[in-house]
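Undergrad: Just dropping this structure here.
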Amino acid sequence: MMEEYSESQQLQRRRSVKRRRNGAIIALIPVLILALAGICCLMIDLGHITAVKSDAQNAADAATLAGALQLRMQRKPGGSWKYSEIANRMREFSRANDVGRNALKYADLRIGRWNPNTSKFRVGGSFTSRNAVRATVKCDCDLFFAHVFGTAISKVEAHSISAFDVSQNSVGETVYSIPYVVN
C-alpha cells in the first residue's frame, strides 16, 4: 500500500533529511585539503625533475656538439689524434650549461662511428672512420617534498650523440659537414 503524504508532511520530511546532512561536508574538508596539498607537492617535485632532465639534455647535446667539432678539426690534414682534447672540450661545454644547483657526473664519453643508414653508433674504429661522439650525462636532482617519503634525490640521466658527415667533392677533396645532433 502506498502511503500518501500531505504537502506539509513532504516538506517536513525533506527538512529532516537536510538537517541530518548539514555537517557532513565539514568532516570531508580536511581530508580534501590534505589530498590536494599532497598532489601539489608531487607535481612540484615532478616538474623540478622534468626541468633538470631538460637541462641535463641540453648539457649532453652541447657536450657532444663540441666534441664532434673538436673531432672534425682533428681529422683535417695535419691534425693529431688526442682523445683528451675532445673529452676536455666536451666537459667544458657541458659545464657551461647550468643544470640548476645539481652537479653533473659523467658516466660515459665515447668516440666512434655513426651510421646514418642503420641509425647505430659503434664505439671505436680507425681514426679516419670516426665521425661521432656520444655522451651520457648523469646528475642527482634534489627534491623538495619527497623527503616526507624518505627520498631526497632522484637520479637524472640524458644521452646524446652528435656526428658529422665526411664526403668527397667533385675534385676529390674531403669535405666535412657541420656537426649535428643525431640522437
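The values are calculated or read from the model by the stated rules, or taken from the named source; none is laboratory data. Note that the structure is a prediction, hence the values are computed from the model and not measured. We place every Cβ from the backbone using ideal geometry, glycine too, and count neighbours over all the protein chains shown.
Undergrad: Restricting segment 145-183 to residues that are closer than 30 Å to residue 41 by Cα and β-branched (Val, Ile, Thr), which is nearest to the chain's Cα centre (by Cα)?
TA: Going residue by residue through segment 145-183, those that are closer than 30 Å to residue 41 by Cα are 145-159.
So of that shortlist, the ones also β-branched (Val, Ile, Thr) come out as 148, 151, 153, 156.
Values: 148: 24, 151: 19, 153: 15, 156: 7 Å.
My answer is 156.
Undergrad: Please enumerate the residues belonging to segment 150-179 that are of a type in the set (Ser, Thr, Tyr) and either closer than 18 Å to residue 123 by Cα or not in a strand (DSSP E or B) (or both).
TA: We begin by selecting, within segment 150-179, every residue of a type in the set (Ser, Thr, Tyr); these are 151, 154, 160, 162, 167, 170, 174, 176-177.
Correct list: 151, 160, 162, 170, 177.
Undergrad: Let me ask something additional. Working carefully through the options 63, 56, 68, find the one that is among the small types (Gly, Ala, Ser), farther than 30 Å from residue 152 by Cβ and either modelled with pLDDT under 80 or buried (at least 19 other Cβ atoms within 10 Å of the Cβ) (or both).
TA: Answer to the check: 68.
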